[in-house]
1. Which one of the conditions (1) open to solvent by 80 Å² or more (accessible area, probe 1.4 Å); (2) over 30 Å from Pro58 (Cα atoms) does Gln94 fail to meet, given that it meets all the rest?
2. Select, from Thr192, Thr175, the only residue that is polar (S, T, N, Q), in contact with a Gly (Cβ under 8 Å, 6 or more places away or on another chain), open to solvent by less than 80 Å² (accessible area, probe 1.4 Å) and modelled with pLDDT of 90 or more.
3. Exactly one condition in (1) assigned to a helix (DSSP H, G or I); (2) surrounded by fewer than 20 Cβ atoms within 10 Å (Cβ to Cβ); (3) modelled with pLDDT of 95 or more is not met by Asn104; state its number.
4. What about Glu145, is it open to solvent by 20 Å² or more (accessible area, probe 1.4 Å), out of contact with any Gly (no Cβ under 7 Å at 6 or more places or on another chain) and of a type outside the set (Lys, Arg)?
5. All but one of (1) at pLDDT below 85; (2) more than 16 Å from Glu123 (Cα to Cα) hold for Leu186; which doesn't?
6. Working only within segment 116-142, note down all residues that are open to solvent by 50 Å² or more (accessible area, probe 1.4 Å) and either outside any loop (DSSP other than H, G, I, E, B) or within 19 Å of Gly87 (Cα to Cα) (or both).
7. State all residues of segment 1-34 that are within 23 Å of Ala79 (Cβ to Cβ), open to solvent by 10 Å² or more (accessible area, probe 1.4 Å) and either in a strand (DSSP E or B) or polar (S, T, N, Q) (or both); if no residue qualifies, say none.
8. Only one of these conditions is not met by Ala164: (1) in contact (Cβ under 8 Å) with a residue 24 or more places away in the chain; (2) assigned to a helix (DSSP H, G or I). Which number is it?
Amino acid sequence: MFICAEHLSKEVNIGLQTLIILQDISLNIESGSSLAILGVSGSGKSTLLGLLAGLDLPTRGRVIYEGVDLTLQNEDQRAKLRSGNVGFIFQNFQLLPNLTAIENVLLPLELNATEKALEKATELLVKVGLQERLEHYPKQLSGGEQQRVAIARAFAVRPRVLFADEPTGNLDQKTAAHIIELLFELNQQYQTTLVCVTHDPVLADRCEKMLHLAGGRLIS
């Protein structure tokens, strides 16, 4: 199994109260597959995505990534494991505002000492239709264009798994349709495992498997 979550729970202490975000979540994700995680706002979807990606640790339970228990790794070890293996598309894009589109995509390539980094970053931005926007800063780009830069950056190191948090959530219908096509084109081309948190039924229907969260519990 590529990624295995076993009895995940996440709790946060707020003053004298304990907020239960996730309760006893178990799931398996096959390599090269696509999974949509659905649920209303506050159901724990983004928290689950962060746990599966090793960006956060559960209160109880564990996440196994190709035989490695992420809950036994420290932050630096998890970061090293993610490097070159895991891509993440954040809901608010998380582009660096002082870097141009090409520089945002170049950054992970340079951090991984990738050969021909500029050529590869340019190729990805051309693939997402931004060949005229290479030198533009995020504030000069529309929401859809920023999302495409974020996708190019996430795919830059050819990750084995891509986690996407509401990748079409802030986009108009036409742009969202383009982003969905782009995600699955890259998913097929690179055989990248795709895990999406979404409210978008069109995106969910394209995935091979759907899981529903309600009140922090997996209901299907």
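1. It is condition (2) that Gln94 fails.
2. Working: Thr175 fails: modelled with pLDDT of 90 or more.
So the residue among Thr192, Thr175 that is polar (S, T, N, Q), in contact with a Gly (Cβ under 8 Å, 6 or more places away or on another chain), open to solvent by less than 80 Å² (accessible area, probe 1.4 Å) and modelled with pLDDT of 90 or more is Thr192.
3. (2)
4. Working: open to solvent by 20 Å² or more (accessible area, probe 1.4 Å): yes; out of contact with any Gly (no Cβ under 7 Å at 6 or more places or on another chain): yes; of a type outside the set (Lys, Arg): yes.
So Glu145 passes the test.
5. Against the list (1) at pLDDT below 85; (2) more than 16 Å from Glu123 (Cα to Cα), Leu186 comes up short only on (2).
6. Leu118, Glu119, Lys120, Glu123, Val126, Lys127, Lys139, Gln140
7. Once the filter is applied, which keeps residues that are within 23 Å of Ala79 (Cβ to Cβ), open to solvent by 10 Å² or more (accessible area, probe 1.4 Å) and either in a strand (DSSP E or B) or polar (S, T, N, Q) (or both), segment 1-34 yields Cys4, Glu6, Lys10, Val12, Ile21, Ser31.
8. Going through the list (1) in contact (Cβ under 8 Å) with a residue 24 or more places away in the chain; (2) assigned to a helix (DSSP H, G or I), Ala164 breaks only (2).
The values are calculated or read from the model by the stated rules, or taken from the named source; none is laboratory data. In this text the structure is predicted, and so the values were computed from the model without any measurement. Neighbour counts are summed over all protein chains in view; Cβ atoms, including those assigned to glycine, are modelled from backbone coordinates with ideal geometry. The area values use the complete protein model at the heavy-atom level, side chains included, leaving out ligands, DNA and RNA. Shrake-Rupley method; radii C 1.70, N 1.55, O 1.52, S 1.80 Å.
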